[in-house]
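> Structure provided below as structure tokens; questions to follow.
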Amino acid sequence: MSRAKVTIQDIQKAKEEKRKLVMMTAYDYPFGLMADEAEVDIVLVGDSLGMVVMGLQGTVAVTMENMIHHIQAVMRGCKSALVVGDMPFMSYNTSIREAIANAGRLMKEGGCDVVKLEGGAAFAPTVEAIVRAGIPVQGHIGLTPQTASALGGFKMQGKDAAAAKQIIDDARALEAAGAFSIILEAVPAPLGQLVARSVKVPVIGIGAGPDVDGQVLVTHDMVGLFDKFVPKFVKQYTKIRPIILEALREYRKEVLEATFPGPEHSFKMPAETLKQLQKMVK
Ligand code: KIV
């Protein structure tokens, strides 16, 4: 029996019931299907696709069209997890009007259930306006990859007490603006716990330690499909890249040796048809 669709009410209830939330990224149909089979709660079509799927250096160049294309593919496979569409850089930063229009496009054209955007208290008015327009929003604070250059690179955030306090204030501002959940990236574990305790909405950590309300990882990192750079907070549950590479090398070898395709991979032709054909092409 297939699982019922996960709703934002289920996500909020999980925190009340102290049940950890499980979130992963997906960028295409096969991973959308597998996310449902693994019964994860939330699937993020993250702009991390710029790095792990498109081979870009960061997420800044990812466009609305890229996001819509990948959200559509994930939605074809993912029927029960709650699907979050990530708002790309500069799709919500220039004006609130544009932010609402672009959040609407991710939902209407992509088909995702909710959207996510990066930024703390400074983006609370934007979050509030999008929520008021009827679109649920997940916040994202701590390390915000779209503005990594302004933060001095992909580095842990909240190092001193003032910076840590700002992150708690950011979480509170997003909650007050109506965000249904918050992603907290790359902060010391004790700060993760404090942030999760400071708000009623679920705080989902990525490099924020164990004492938050759930965890998210970039799937291509977690399965070892993207291993150019593996952040400290990633656990590789498998290393799929060498397995795929081995299969590709074996395929090349067999094609060169003409041992693939074998009879079991070839279509047969009745002997009589072949005879007739040979006469015709003589
Ligand atoms: O784009 C993404 O995959 C993300 C995660 C790092 C949370 O924002």
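> Rounded to the nearest 500, what is the chain's calculated 222 nm mean residue ellipticity when only DSSP H runs of at least 4 contribute -39500 (n - 2.57) each, over all residues?
It lands at -12000 deg cm²/dmol.
> Now a separate question. Between 0 and 90 degrees, rounded to the nearest ten: what's the tilt of helix 161-177 against the longest Cα principal axis of the chain?
80
> Determine the gain in length on full extension of the stretch HIS69-ARG19; use 0.36 nm per residue of separation and subtract their C-alpha separation, reporting nm with one decimal.
14.7 nm
> Moving to a separate point now. In terms of the ratio Rg/(2.2 N^0.38 Å) built on C-alpha atoms, what value belongs to the chain?
1.22
> Extension gain ALA163-GLU254, at 0.36 nm per residue separation less the Cα-Cα distance, in nm?
Using 0.36 nm per residue and subtracting the Cα-Cα distance, I get 27.0 nm.
> What do you get for chymotrypsin sites (Phe, Trp or Tyr not before Pro) in the range 158-236 restricted to DSSP loop and a cutoff of at most 11 other Cβ within 10 Å of the site's Cβ?
PHE229
> Okay, next question. How big is the dipole moment of the chain about its Cα centre under a simple scheme where the beta carbon of each Lys and Arg is +1, that of each Asp and Glu is -1, and everything else is neutral? Debye, nearest 20, please.
Here the size comes out at about 380 debye.
> Zone of ARG132 (label point 7 Å along Cα→Cβ, backbone N under 20 Å): which residues in the range 110-124?
115-124
> Right, here's the next one. Quote to one decimal, in nm, the extra length available between LYS155 and LYS108 on full extension: 0.36 nm per residue of separation minus the C-alpha distance between them.
13.5 nm
> Pick out, from GLY32, LEU56, VAL22, the residue whose Cα sits farthest towards the positive end of the charge dipole of the range 18-96, with +1 on the Cβ of Lys and Arg and -1 on the Cβ of Asp and Glu.
Value computed over the given set: VAL22.
> Just how large is the dipole of the range 83-144 about the Cα centre, in debye to the nearest 20, putting +1 at every Lys and Arg Cβ and -1 at every Asp and Glu Cβ?
In debye, rounded to 20, the range 83-144 gives about 140.
> Still on this structure, I have one more. Which distance in nm do the two modelled labels at GLN57 and ILE96 give, with both placed 7 Å along the Cα-to-Cβ direction?
3.5
> Moving on to the next point. For the range 1-60, taking Cα atoms only, what is the radius of gyration to one decimal and the Dmax to the nearest whole Å?
Looking at the range 1-60, its Cα Rg and Dmax stand at 13.9, 42 Å.
> I would also like to ask the following. Heavy atoms only, probe 1.4 Å: what % of the accessible area of the chain goes to carbon and sulfur, would you let me know?
That share works out to 59 percent.
> For the range 29-87, state which GluC sites (Glu not before Pro) are in a DSSP loop and have at most 12 other beta carbons lying within 10 Å of their beta carbon.
Working: sites: GLU37, GLU39, GLU65; in loops: GLU39.
Answer by residue number: GLU39.
> May I pose another question? In Å², what does the accessible area per residue of the chain work out to with a 1.4 Å probe?
54
> If you don't mind, there's one more thing I want to ask. Filter the chymotrypsin sites (Phe, Trp or Tyr not before Pro) in the range 68-170 to those in DSSP coil with at most 16 other Cβ atoms within 10 Å of their Cβ, and list the result.
Listed in order of number, the matching sites are PHE154.
The values are calculated or read from the model by the stated rules, or taken from the named source; none is laboratory data. Keep in mind the model is a prediction, meaning the values are calculated, not measured. Reconstructed Cβ throughout: ideal geometry from the backbone, glycine too, with neighbour counts over all protein chains shown. In case anyone asks, the SASA skips ligands and DNA or RNA and just uses the protein heavy atoms, side chains included. Shrake-Rupley method; radii C 1.70, N 1.55, O 1.52, S 1.80 Å.
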